[in-house]
1. For residue 57 and residue 10, calculate 0.36 nm times their separation in residues minus their Cα-Cα distance, and state this gained length in nm to one decimal.
2. Provide the net charge surrounding residue 122, with neighbours chosen by a C-beta distance below 12 Å and charges set as Lys +1, Arg +1, Asp -1, Glu -1.
3. Evaluate Rg over Rh across region 12-129, taking Cα atoms for both radii and Kirkwood's formula for Rh.
4. Residues with amide H under 5 Å of residue 112's amide H, sequence separation 5 or more or different chain, H placed in the peptide plane at 1.01 Å from N; which?
5. Considering the dipole of region 12-129 built from charges on the beta carbon (Lys and Arg +1, Asp and Glu -1) around the Cα centre, which of 95, 79, 38 is farthest to its positive end?
6. Can you return the lysines within cross-link range of residue 100? Criterion is Cα-Cα under 26 Å, with same-chain partners fewer than 8 residues away left out.
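Coordinate-derived values only; no laboratory data. Fair warning: this is a prediction, and the values are worked out from it, not measured in the lab. Note: ideal-geometry Cβ built from the backbone for every residue, glycine included; neighbour counts use all protein chains shown.
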Amino acid sequence: MNSATVGMEEVKFIADVNVEKAIIDCLLANGHNTIWVSDLDCRMVDEKLLEPANREKRILVTNDKDFGELTFRQKRVSAGIILFRVKGQNSRDKVSLLQKLLLAHRNRLKGHFTVVTRKKIRFIPMEEIK
């Protein structure tokens, strides 16, 4: 058993092709079961990405705000989504924000569309879309 599963249900992730390798490395280093779409199909479209996310109950990690449209308007449900909205795309900043998110709010990721910025973290319940 690793730090990602001690005392609670395992949280699994699937990371969009636009997610920096440093974020993938952070998730893996912390013992999280993580799939990076770049390792599967670099040309996978967003709608197809939601299929394994839904089937395997994985939290989608992305920099792509189009997933808001797919989630809330088109009702393409996911186990949860983490959307990074960090200007400049600094991967070190994102890794730091991800670590803080996992440490403080890991239990809130499932069932939420989570928007992460430098200044705040916003949790939007996904049950509103069902």
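1. Computed gain between residue 57 and residue 10 is 15.9 nm.
2. +4
3. Value, to two decimals: 0.92.
4. 81, 126
5. Sorting the options by dipole projection puts first 95.
6. Output for residue 100: 12, 21, 57, 65, 87, 110, 119, 120.
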